[in-house]
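First the structure, in the form of structure tokens, and then the observations on it.
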Amino acid sequence: MKWILFAAAFLAGFLLWRGIAFAAGVPKTGDAAPAFTLSDQSGKSRSLADFSGKWLVLYFFPRADTPG
């Protein structure tokens with residue numbers, strides 16, 4: 001019985017810790033995007049700085065025939 005209580009307390013603590021850690025890294029609406037570089041559909045590297053002063057929409061989707 002003690003191990004069940006210990007496991008439940010450990011799981012609750014772990015989930016609380018993960019929630020706090022995750023929430024700290026999530027940007028909020030209106031925050032500036034961090035600097036990044038990604039590959040476009042042609043494989044060319046594009047960075048956020050390439051689009052400075054322009055509107056930019058990023059769309060992520062899984063490759064064809066992949067789960068997700």
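What follows is calculated from the coordinates using simple rules that are stated; it is not laboratory data. Just so you know, these numbers come straight off a predicted model, no measurement behind them. Positions of Cβ are backbone-derived with ideal geometry, glycine not excepted, and every protein chain shown enters the neighbour counts.
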* Hey, got a sec? Which trypsin sites (Lys or Arg not before Pro) in the stretch 29-68 land in a DSSP loop and have at most 12 other Cβ atoms within 10 Å? -> 44, 54, 63
* Asked: Could you give the longest part of the chain that holds none of the chymotrypsin sites (Phe, Trp or Tyr not before Pro) found in DSSP loops with at most 10 neighbouring Cβ atoms within 10 Å?
  -> 1-35
* Using 7 Å Cα-to-Cβ label points, what is the residue 11/residue 42 separation (nm, one decimal)? -> 5.2 nm
* To do: Would you please classify the overall shape of the stretch 28-68 from the alpha carbon gyration tensor, given that a ≥ b ≥ c denote the square roots of the eigenvalues, rounded means a/c under 1.5, and beyond that prolate means a/b larger than b/c while oblate covers the rest?
  => oblate
* To do: Go through the stretch 28-44 residue by residue and turn each phi into a ³J(HN,Hα) via Karplus (6.51, -1.76, 1.60, θ = phi - 60°); whole Hz please, and just put x for glycine and proline.
  => 9, 4, x, 5, 6, 6, x, 5, 8, 9, 9, 8, 8, 5, 9, x, 7
* Asked: Could you name the lysines in cross-link range of residue 28, using Cα to Cα under 25 Å and dropping any fewer than eight places away on the same chain?
  -> 54
* Amide H partners (placed H, <5 Å) of residue 46, local residues excluded -> 38, 39, 40
